[in-house]
Amino acid sequence: MLRYLSAGESHGPELTVIVEGMPSGLAVSKAAIDEQLRRRQQGYGRGLRMKIETDQVEVTSGVRFGKTLGSPITLHVVNKDFVHWTDRMAVWDEAPDNLKQVTRPRPGHADLAGAIKYDHEDIRNVLERASARNTATMVAAGALARQLLRHFGIDITAHVVEIGGVQAKQVPTDWDTLISTCDESQVRTADKAAEAAMIARIDEAKEKGDTVGGVFEVIIRGCPIGLGSYVHPDRKLDGQLAAAMMSIQAIKGVEIGLGFEAARRFGSEVHDAIVHDGSRYLRPTNGAGGLEGGVTNGEPIVLRVAMKPISTLYQPLASVNMATKQAEPATVERSDYCAVPAASVVGENVAAWVIAQAFLDKFSGDSIAQIEEQVAAYARRVAGR
Ligand SMILES: Cc1cc2nc3c(=O)[nH]c(=O)nc-3n(C[C@H](O)[C@H](O)[C@H](O)COP(=O)(O)O)c2cc1C
Ligand SMILES: C=C(O[C@@H]1CC(C(=O)O)=C[C@@H](OP(=O)(O)O)[C@H]1O)C(=O)O
């Protein structure tokens, strides 16, 4: 079973991830993990923190001479910003006399519910861990997982299809063009014509002291037929992917394939005909988004993921000072205006993690060589069916 645990506060010394269950013998690269961390920091609309950090991973266990050992892999991402927070985020020292507590919860964030649930007077004790800074750990774990998937021919990408109501309309369908176009874009959209309007929408929000959300699409190609299962609800891959996407900060909706649009159409306009070309099964359309019955059907998996606007507003909404119960505007923390492009990179890597779990569930083995044997045997069996 592939699993991980993460820890770390946004302005604490570092973020830590321990990945367990990665088979031995996989060639992995630090550069490939750092590249995903770098991509997560990009995107128009990010706040000043991104100018302070250059996220990179330090690996301190589970890898020797560039190959996995089968033992737990520990990843560290240092918070460079910690040097500015050593007094306010001290692990052992007493709180400084002049410590300013955060007492005015921000609507939309974990502040109010978190402070009540964990009995904190200082909301900083909540927001430090609720912060999307932790998405760096999701990306670091996912970046390892995608190296396993790449070894078996599975690729993942994501692109932004909507920001603040501005929609991408003309998106290239060719995989390489899609990736190169959105990689060049400041908002990670593959529709060059929509980019300027998306940027203008973020500028408009910023000028008003407001924020915007949006939608991104994750595409996973190369999965064999048969990842996931229909036999029990918690083994359904569609459910696992949706849950994983919803676990990313600020994600409020997930569609698979046609998603909500499927609910408006006749069945004949939704379901994908089955054909066989002499060597394999094909689907002329992909309304199912690569998943039927919670199982991969061999077509690309397509997820559309909705992100709400950033919760911290520079023109804050009404709130209550939890120390006095008096009405006061919500706290304003240094913040992003729009993080949909960054969230799309998080989505890619979170999806990689879930697919890698499903892959290792189907093709279990302690070493890459054992898994390769199983994959080859399964491919032979599928070819004969
Ligand atoms: C990449 C990324 C960056 C974010 N940056 C901020 C930010 O700078 N300020 C903020 O208030 N919320 C930010 N958020 C959103 C909050 O983390 C989110 O609103 C909060 O965790 C509550 O979300 P929930 O209701 O989905 O749990 C960001 C989210 C993501 C995915
Ligand atoms: C504030 C949140 O997270 C954001 C995401 C983030 C990052 O590394 O992605 C780092 C944070 O840095 P800081 O709080 O120091 O500006 C925020 O930019 C949040 O989610 O509430």
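Highest first, please rank the peptides 331-343, 46-58 by the mean number of other Cβ atoms sitting within 10 Å of their residues.
Packing order, densest peptide first, comes out as 331-343, 46-58.
Lysines within cross-link reach of Lys362: Cα-Cα under 23 Å, excluding same-chain residues under 8 positions apart?
By straight Cα distance, Lys362 reaches Lys67, Lys236.
Choose one of Ala200, Pro23, Ala262: the residue whose Cα lies farthest towards the positive end of the charge dipole of the range 3-383 (beta-carbon charges +1 Lys, Arg; -1 Asp, Glu; about the Cα centre).
It is Ala262.
Specify the inter-centroid distance of the range 113-149 and the range 274-320, based on alpha-carbon positions, in whole Å.
When both Cα centres are located, 23 Å separates them.
Summing -39500 (n - 2.57) over the DSSP H runs of n ≥ 4 in the chain and dividing by its residue number, what mean residue ellipticity at 222 nm do you reach, to the nearest 500 deg cm²/dmol?
Rounded to the nearest 500, it is -10000 deg cm²/dmol.
What is the percent of Cα-Cα separations in the range 3-383 that go past 37 Å? Kindly include the intermediate steps, with their values, before the conclusion.
Working: 18029 of 72390 pairs.
Here the long-distance tail beyond 37 Å is 25 percent of all Cα pairs in the range 3-383.
Need one number: nm distance between label points at Leu69 and Leu282, each 7 Å from Cα along Cα→Cβ, rounded to one decimal.
Each label point lies 7 Å from its Cα, and together they span 4.8 nm.
So if I place +1 on the C-beta of Lys and Arg and -1 on the C-beta of Asp and Glu, and nothing else carries charge, what would the dipole magnitude of the range 3-383 be about its Cα centre? I want it in debye, nearest 20.
Using only the charged Cβ atoms, the result is roughly 340 debye.
Name the lysines eligible as straight-distance cross-link partners of Lys206: C-alpha to C-alpha under 16 Å, and not fewer than 8 places from it in the same chain.
Within the straight-line limit of under 16 Å, Lys206 reaches these lysines: Lys308.
Taking the range 1-94 on its own, what percent of its Cα-Cα pair distances exceed 14 Å?
Percent of Cα pairs beyond 14 Å in the range 1-94: 71.
By its C-alpha gyration tensor, with a ≥ b ≥ c as the square roots of the eigenvalues, how is the range 120-193 shaped: rounded for a/c under 1.5, else prolate for a/b larger than b/c, else oblate?
Oblate, since a/c reaches 1.5 and b/c is not below a/b.
Assigning unit charges at the beta carbon (Lys, Arg +1; Asp, Glu -1) and nothing else, what dipole magnitude in debye, to the nearest 20, does the range 96-207 show about its Cα centre?
Computed charge dipole of the range 96-207: roughly 280 debye.
Within the range 221-309, report the trypsin sites (Lys or Arg not before Pro) that DSSP leaves as loop and that have at most 14 other Cβ atoms within 10 Å.
Taking the range 221-309 and a limit of 14 other Cβ atoms within 10 Å, the loop trypsin sites (Lys or Arg not before Pro) found are Arg265, Arg280.
For the range 162-251, what does the alpha-carbon gyration tensor say about shape, rounded, prolate or oblate, given a ≥ b ≥ c as the root eigenvalues, a/c under 1.5 as rounded, and a/b over b/c as prolate?
Details: a/c = 3.75, a/b = 1.60, b/c = 2.34.
Oblate, because a/c is 1.5 or more while a/b does not exceed b/c.
Pull up the cross-link candidates among the aspartates and glutamates for Lys30, meaning alpha carbon to alpha carbon under 19 Å and not fewer than 8 places away within one chain.
Reachable aspartates and glutamates: Glu14, Glu20, Glu53, Asp55, Glu58, Asp155, Glu348.
State the extension gain, in nm to one decimal, for the chain segment bounded by His84 and Gln326, taking 0.36 nm per residue of separation less the distance between their alpha-carbons.
Values: separation 242, 0.36 × 242 = 87.12 nm, distance 3.11 nm.
Extra length available between His84 and Gln326 comes to 84.0 nm.
Just report the Cα centroid separation between the range 203-271 and the range 77-107, whole Å.
Each part's Cα centre sits 36 Å from the other's.
We did not get these values from a lab; they are worked out from the coordinates using the rules stated. In this text the structure is predicted, and so the values were computed from the model without any measurement. Note that we place each Cβ from the backbone using ideal geometry, even for glycine, and neighbour counts take in every protein chain shown.
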